[in-house]
Amino acid sequence: EKVGFYFVTNGGRAAFGAALRDSLLEMLLPRRAIARSRVATLDESWVKSLAGNYQMTRYAHHTIEAFPSLFASATTIAARGTHLVLPYPNGDVEFEPIDSLHFREVGGDRTIAFRRDAHGRVTLLAAPIPVFGAELPATLERRSWYDGAHFMNEYVSWLLLGPMIVLAAWGVVSLGLWW
């Protein structure tokens, strides 16, 4: 049928999108629901190429304001075999491939989609992201490995703790020499 729909709401429950999708499919394609068993077979290296750090596209890119937003609007997607795994507050959620760029939650209704540019690089992810207890549809851009919250958290920790460790060691050595 090659029909596509894009719908956006302002607020509401996360289940609204799935209900709207199912209603549209039933109206347009009566008695032809998309088979739940339809799963694409993808190479593990392809799935791994989709995994990585992603951040919501709405943030300051070139000022210090980008730093706190890294921890509030970023997520890391992992590859587990031919499935992708997204962290959610109630535990990780696995997604199985529908085709090369679209994945569906295993045993659920959530879907995620990726965009690749003309050179084959993953640039965007469309996914439901948990924000303050709700689940919001979001567009996230691909970030480098060093732009991820985990790396930045460790980097800043060592940047702050390194001098403190040196000062503490210096104090212990000085006290030992004095004693």
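Here are the numbers:
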{"read-out": "Full-stretch length increase - Val166, Asp92 - with 0.36 nm per residue and alpha-carbon distance subtracted", "value": "22.8 nm"}
{"read-out": "Computed label-point distance, nm, for sites Ser45 and Leu28 using a 7 Å Cα→Cβ extension", "value": "3.6 nm"}
{"read-out": "Estimated inter-spin distance, His102 and Leu159, nm [label 7 Å along Cα→Cβ]", "value": "4.2 nm"}
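Quick note: the coordinates plus some simple rules give every number you see, no bench work behind them. What you see is a predicted model; the values in this text were computed from it and never measured. All Cβ positions, even for glycine, are placed from backbone atoms using ideal geometry, and neighbour counts span all protein chains on display.
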